[in-house]
1. Go through (1) farther than 19 Å from V254 by Cα; (2) surrounded by 21 or more Cβ atoms within 10 Å (Cβ to Cβ); (3) under 19 Å from the mean Cα position of the chain (by Cα); (4) among the polar types (S, T, N, Q) for S86 and report which single condition fails.
2. For I92, are the conditions met, namely being within 19 Å of W201 (Cβ to Cβ) and surrounded by fewer than 22 Cβ atoms within 10 Å (Cβ to Cβ)?
3. If a residue has to be open to solvent by 60 Å² or more (accessible area, probe 1.4 Å) and in contact with a helix residue (DSSP H, G or I) (Cβ under 6 Å, 6 or more places away or on another chain) to count, how many in the stretch 367-387 make the cut?
4. Regarding L364, is this residue outside any helix (DSSP H, G or I) and either open to solvent by less than 10 Å² (accessible area, probe 1.4 Å) or modelled with pLDDT of 95 or more (or both)?
5. Is it true that some residue in the stretch 308-317 is of a type in the set (D, E, K, R) and either surrounded by 18 or more Cβ atoms within 10 Å (Cβ to Cβ) or part of a helix (DSSP H, G or I) (or both)?
6. Between L101, L171, which is under 16 Å from the mean Cα position of the chain (by Cα) and either surrounded by 17 or more Cβ atoms within 10 Å (Cβ to Cβ) or outside any helix (DSSP H, G or I) (or both)?
7. Determine if the stretch 39-52 includes at least one residue that is closer than 30 Å to E293 by Cα, part of a loop (DSSP other than H, G, I, E, B), modelled with pLDDT of 95 or more and open to solvent by less than 60 Å² (accessible area, probe 1.4 Å).
8. Are any residues in the stretch 264-281 open to solvent by less than 20 Å² (accessible area, probe 1.4 Å) and within 20 Å of the chain's Cα centre (by Cα), and if so, which ones?
Amino acid sequence: MRIRLVGFCILALPLFTRGVETEIVFREAPHRYLEHQPDDRFARLRKGIESGGIKLDTTDDKAFLSSVLKALDVPISSQLLVFSASSLQSEIINPRNPRALYFNEDVYVGYVPGGKVEIIAMDPEMGAMFYIFDRLRPQGPVPPITRSDKCFNCHAGNATKRVPGLIAESLLPMLSGASAETYRRDEQGHQIPLEKRFGGWHLTGQHHLKENLANTMARRSASRGFEKIKIEPGQMSDLSLHLRPTSDILPHLVHEHQIGFENRVFHAAYVMRQLLADGRGNLALSAKPQVEELADELAQYILFVDEAKLPAEGIEGDPDFIREFQRNKKPVTNGASLKDFDLKTRLFKYRASYMLYTDSWQKLTPALKERVYFKMAEGLRDQNANPVYTHIPAEEKRAIRTIIKETVPDLPSWWR
């Protein structure tokens with residue numbers, strides 16, 4: 001199969017060498033992030049709230065949070081609990097008062113008891129958009145909403161390659177919530193070994209992890225000095241302040257996969273926008289190595305090349321989350337879909353990301369997206385495939401090709 005790389009022409013630009021990244025300043029041209037009018041799921045909801053067309057329940061904090069999640073189509077079963085001092089509300093997050101996170105494919109909602117509701121929504125052009133409701137006054141009006149510009153120290157730093165993105169840290173919190181030790185930094189995605197995840201998070205469900213960093217805090221005592229102690233969910237906090245008592249292993253794993261996907265896609269989107277601007281609307285021939293590097297990274301992530309291993313016994317996910325996660329799956333004739341779980345040796349039965357259905361992916365620069373599809377097609381061939389993709393057996397490759405052909409919109413004509 002042969003394919004041309006669309007959009008390239010020769011321009012007098014400096015030669016790109018592999019490993020050198022295009023500098024991105026997201027506040028400045030051609031991006032102008034802060035001037036962008038968002039078109040994400042929450043931005044659309046916000047218009048409905050402020051026009052009076054959408055009503056939210058302001059009876060109390062839990063009722064308000066539930067109504068926000070319902071309006072955004074975010075399942076309550078996606079709840080994750082984190083007790084490290086993070087987010088704009090770090091002063092009230094600690095083992096005695098964990099923060100809850102909820103998510104679907106393009107919205108992430110945070111809530112701290114006694115605090116505010118925070119939103120990160122993925123704008124298909126600019127990536128992560130940050131919003132926060134003012135503190136609720138029970139029985140009062142819907143609190144004012146502001147678009148926050150205070151998140152960039154963390155959410156547009158090294159962890160996201162200097163573009164607005166998503167973060168999940170793993171660290172050892174003290175009783176105050178502050179970090180005593182960091183287990184991983186500046187890395188997100190399904191490739192991270194499970195033994196390096198979950199620090200500062202509660203973890204529930206049948207995860208079969210014999211040793212893990214979850215449900216652990218640091219303490220200093222006069223007699224024993226520094227020590228690590230286990231704190232089970234609810235041991236130090238009141239779980240009735242949250243919508244459910246769980247922080248299940250499966251939404252943890254799905255969440256990590258998604259944020260790894262989004263960060264890679266939007267870093268690539270910013271790079272492509274910069275390269276096109278530098279080339280006055282065209283991609284220079286000298287940009288080809290960088291485009292190829294981005295395409296390789298995305299194709300390998302989409303096809304789960306470096307996915308971390310599950311425990312030998314597998315995992316057992318929360319049935320509520322499985323049901324709600326799969327409610328919008330896109331099955332082919334035989335019922336197979338990219339949202340089918342395996343949970344024995346890997347996360348998904350068919351190792352191609354369901355995030356291909358999101359606006360984040362669908363609106364990626366066509367020149368780059370087509371190269372990713374080409375590399376995916378190369379990796380999914382039965383024979384003579386790129387050796388990087390030997391982790392997928394031929395039968396699974398054929399199933400993936402069928403699912404992609406029948407369910408993913410806007411494929412190149414040669415895919416069909």
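1. (2)
2. On the way: within 19 Å of W201 (Cβ to Cβ): yes; surrounded by fewer than 22 Cβ atoms within 10 Å (Cβ to Cβ): yes.
Yes.
3. 1
4. Considered against the rule, which asks whether it is outside any helix (DSSP H, G or I) and either open to solvent by less than 10 Å² (accessible area, probe 1.4 Å) or modelled with pLDDT of 95 or more (or both), L364 comes out as yes.
5. First, the residues of the stretch 308-317 that are of a type in the set (D, E, K, R): 309, 313, 316.
Add one more test, that the residue is either surrounded by 18 or more Cβ atoms within 10 Å (Cβ to Cβ) or part of a helix (DSSP H, G or I) (or both), and what stays is none.
No, the stretch 308-317 has no match at all.
6. Values: L171 fails: under 16 Å from the mean Cα position of the chain (by Cα).
So the residue among L101, L171 that is under 16 Å from the mean Cα position of the chain (by Cα) and either surrounded by 17 or more Cβ atoms within 10 Å (Cβ to Cβ) or outside any helix (DSSP H, G or I) (or both) is L101.
7. Yes, the conditions are met somewhere in the stretch 39-52.
8. V265, F266, H267, A268, A269, Y270, V271
The values are calculated or read from the model by the stated rules, or taken from the named source; none is laboratory data. Keep in mind the model is a prediction, meaning the values are calculated, not measured. Note that each Cβ is placed from the backbone with ideal geometry, even for glycine, and that neighbours are counted across all protein chains shown. The protein model used for the area step is the full one, side chains on, heavy atoms only, and it has no ligands, DNA or RNA in it. Shrake-Rupley method; radii C 1.70, N 1.55, O 1.52, S 1.80 Å.
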